[in-house]
1. Label-point separation (nm) for residue 32 and residue 89, each offset 7 Å from Cα along Cα-to-Cβ?
2. In Å², what does the accessible area per residue of the chain work out to with a 1.4 Å probe?
3. Report, in whole Å, the centroid distance computed from the Cα atoms of segment 79-101 and segment 1-59.
4. Hull surface divided by four, with the convex hull built on the Cα atoms of the chain: how many nm²?
5. Which one of 44, 28, 6 is farthest out on the positive end of the charge dipole of the chain, using unit charges on Cβ (Lys, Arg +1; Asp, Glu -1) and the Cα centre as origin?
6. Placing unit charges on C-beta atoms (Lys and Arg positive, Asp and Glu negative, everything else neutral), compute the dipole magnitude of segment 1-73 about its Cα centre in debye, rounded to 20.
7. Normalised by the residues of the chain, what does the relative contact order come to in percent, with Cα pairs under 8 Å and at least six apart?
8. So for the pair residue 46, residue 1, with labels modelled 7 Å out along Cα→Cβ, what separation do we get in nm?
Amino acid sequence: MTHLYLIAQVAGRAVAIDSDQVESVVDIGEVTQVPLASQHIRGLAALRSRVVTVVDTHTALGLDSASQAKRAVITLVEGHHYALLVDALDDVAPFELLPLAGGVALDTAWRRAGRGIVERDGEPILAIDLASLVPGYSGALN
């Protein structure tokens, strides 16, 4: 069964995000740092008369910070809005989600975020669960 996916770039890798997880795509303006917040949290930003928590996806994946990223995917996790930073946005298209093959080599953070594979023009793209990148999210699948 096909479903719509947003194709984005995170840490030099194309990723597919199920459209059901995407509330909107925005450019993030000023981010206010939060003292004592998790290292994954870049801070808070105002977005359409509400405050969102900005998550540095690079740091959430155990990589160097994406300090220049200004594009974000807005998602709702356990009743709270989060802006997950992405390097770039590519496309929205229908794909069939395929299971992660046993031979796919992913490090721990990518494996935790990965939900399967979609194929675009014969190239596999890792489908990720945005909620798994939110610090403290207890419903993330392992």
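1. A separation of 2.5 nm, rounded to one decimal place.
2. Counting only protein heavy atoms, the per-residue value for the chain is 54 Å².
3. So the separation of the two Cα centres works out to 10 Å.
4. 8.7 nm²
5. Among 44, 28, 6, the one farthest towards the positive end of the dipole of the chain is 44.
6. Charge dipole, segment 1-73, about its Cα centre: 120 debye, nearest 20.
7. Working: 296 pairs, mean separation 38.9, N = 142.
Reported relative contact order: 27 percent.
8. It is 4.2 nm.
The values are calculated or read from the model by the stated rules, or taken from the named source; none is laboratory data. This structure is a prediction, so every number in the text was calculated from the model and none was measured. Here Cβ is always computed from backbone atoms with ideal geometry, including for glycine, and neighbour counts include all displayed protein chains. With ligands, DNA and RNA removed, areas are computed over all heavy atoms of the protein, side chains included. Shrake-Rupley method; radii C 1.70, N 1.55, O 1.52, S 1.80 Å.
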